[in-house]
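Asks: Quick one: this structure, given as structure tokens, is what I'll be asking you about.
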Amino acid sequence: MKNKKTVLTLVLTVIAITAYAQQYDPESDFKTKHTDDRKAVVITKYTGPKQTVRIPPTIQALPVVNIGSYAFYDCTSITSIIIPNGVTSIEEGAFNNCTNLASITIPNSVTSIGASAFYDCNKLTSVTIPNSVTSIVNGAFLGCTSLTAINVAADNNKYSSLDGVLFNKSKTVLIQCPGGKKGAYTIPNGVTSIGGGAFRYCGLTGVTIPNSVTGIGEHAFAGSGLTGVTIPSSIITIRNSTFDGCYDLTSVTLPNSVTNIGEHAFQACNSLTSINLPIGLTSIGEWAFSECVSLTSVTFQGPLPLSGFDDGAFDGLGDLRDKYAAGGPGIYKRPSRGSKWTKQ
């Protein structure tokens, strides 16, 4: 009788171990490296064939603690990934260009998500940030064109979300608008800062910015679908590449509070036909309006010192700088692309 119980126990143990093992991908599907203390491992590369990937909690009897930089880069066949509890870090570019990834489970052990971690995961529709996360680097979800919601656990002490948009806990900093949002969006009053790249490559056609916003980060709206934008009078500087590559942008209203327009700020906004530059403007950076090929009307409300007017600010737009140097403030127009500018 005792032998029969022993055999039964062994059989049940084998079944349990087999069932446990079948929950996860084989260890051989992952390349790893040891952590510095050699007490855990970091996944450096996935080599398996599956569409649904279940990362094992241990490899070679050591806990998996990190998904390393670009570990799943270009794994375009993967549609779903389950990360086990115990992983603390998703590093830079970890799932970059997983273009068919539609589902990701982030456990409550993860504390940090690196830059471009999910870059170009354009089938991902939603993601939930657990309460353990204390660091999300700007651009972690950049290029996720189907992503409509970044949801944050209510008890997360560092981050929050509202209508699927990622904020800091106090909702004073807008960190990331998911790229799949469409139509128009109104930034909540009380937000004081728009983070770098916050709306980059976003599908929104309109964004209303409240007067509470005093800072807009670099690349904040670059490559977005904006067709028009009004900058509030609380803004002094348009930073580098803020609207770079907004190909559909036809209307920009700049307040007289703006004194500086950074490098590449409106580069390649090739649907923009006119711009009214503020009276107190003191500098326009290199390539600020380069490749704005449809510009046919530029108004200089006040005297802009040529020392602050970079030679390449209107690169590719003919003799505008020379005409301004000779004529000073006023309205400059040209009848069509490639034609000469004249002061009105």
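Asks: Given the conditions (1) assigned to a loop (DSSP other than H, G, I, E, B); (2) surrounded by fewer than 15 Cβ atoms within 10 Å (Cβ to Cβ), which single one is not true for T128?
Replies: (1)
Asks: While we're looking at this one, here's another question. Could you check segment 305-344 and list, in sequence order, the residues that are closer than 17 Å to A265 by Cα and assigned to a loop (DSSP other than H, G, I, E, B)?
Replies: Going residue by residue through segment 305-344, those that are closer than 17 Å to A265 by Cα are 308-317.
Answer for segment 305-344, where residues must be closer than 17 Å to A265 by Cα and assigned to a loop (DSSP other than H, G, I, E, B): D310, D311, G312, A313, F314, D315, G316, L317.
Residue by residue, here is whether (1) within 30 Å of L142 (Cα to Cα); (2) of a type outside the set (K, R); (3) free of Cβ contacts under 8 Å to residues at least 24 places away in the same chain holds:
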| position | (1), (2), (3) |
| --- | --- |
| F30 | yes, yes, no |
| K33 | yes, no, no |
| G48 | yes, yes, yes |
| R54 | yes, no, no |
| A61 | no, yes, yes |
| S77 | yes, yes, no |
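Asks: Still on this structure: Would you check if there is a residue in segment 132-139 being touching a residue at least 12 places away in the same chain (Cβ under 8 Å) and part of a strand (DSSP E or B)?
Replies: Among the residues of segment 132-139, at least one is touching a residue at least 12 places away in the same chain (Cβ under 8 Å) and part of a strand (DSSP E or B), which makes the answer yes.
Asks: Also, quick follow-up: Pairs only if they're at least six apart or on different chains, beta carbon under 9 angstrom, first in segment 205-220 and assigned to a loop (DSSP other than H, G, I, E, B), second among the charged types (D, E, K, R) and surrounded by 15 or more Cβ atoms within 10 Å (Cβ to Cβ); list them, first residue then second.
Replies: G217/R239; E218/R239; H219/R200; H219/R239; H219/D244; A220/R200; A220/R239
Asks: With I55, I78 as the choices, which residue is among the aliphatic types (A, V, I, L, M) and closer than 26 Å to D37 by Cβ? Steps first, please.
Replies: Details: I78 fails: closer than 26 Å to D37 by Cβ.
One residue alone meets the criteria, I55.
Asks: In segment 242-272, how many residues are within 22 Å of P305 (Cα to Cα) and assigned to a loop (DSSP other than H, G, I, E, B)?
Replies: Filtering segment 242-272 for residues within 22 Å of P305 (Cα to Cα) gives 253-267.
With assigned to a loop (DSSP other than H, G, I, E, B) added as a condition, the list becomes 254-259, 262-267.
Matching residues across segment 242-272 total 12.
Asks: Something else: I'm told L295 meets every condition in (1) within 24 Å of P210 (Cα to Cα); (2) at pLDDT 95 or above; (3) in contact with a Ser or Thr (Cβ under 7 Å, 6 or more places away or on another chain) except one. Can you identify the failing condition by its number?
Replies: (1)
Asks: Give segment 65-100 a look and list any residue that's under 13 Å from N122 (Cα atoms) and among the acidic types (D, E), or say none.
Replies: The answer is D74, and nothing else.
Asks: If you don't mind, another one. Can we say I90 is over 21 Å from the mean Cα position of the chain (by Cα), aliphatic (A, V, I, L, M), within 24 Å of D36 (Cα to Cα) and surrounded by 17 or more Cβ atoms within 10 Å (Cβ to Cβ)? Give the steps one after another, and end with the answer.
Replies: Details: over 21 Å from the mean Cα position of the chain (by Cα): no; aliphatic (A, V, I, L, M): yes; within 24 Å of D36 (Cα to Cα): yes; surrounded by 17 or more Cβ atoms within 10 Å (Cβ to Cβ): yes.
The answer is no for I90.
The values are calculated or read from the model by the stated rules, or taken from the named source; none is laboratory data. Nothing here was measured: the structure is a model prediction, and the numbers come from that model. All Cβ positions, even for glycine, are placed from backbone atoms using ideal geometry, and neighbour counts span all protein chains on display.
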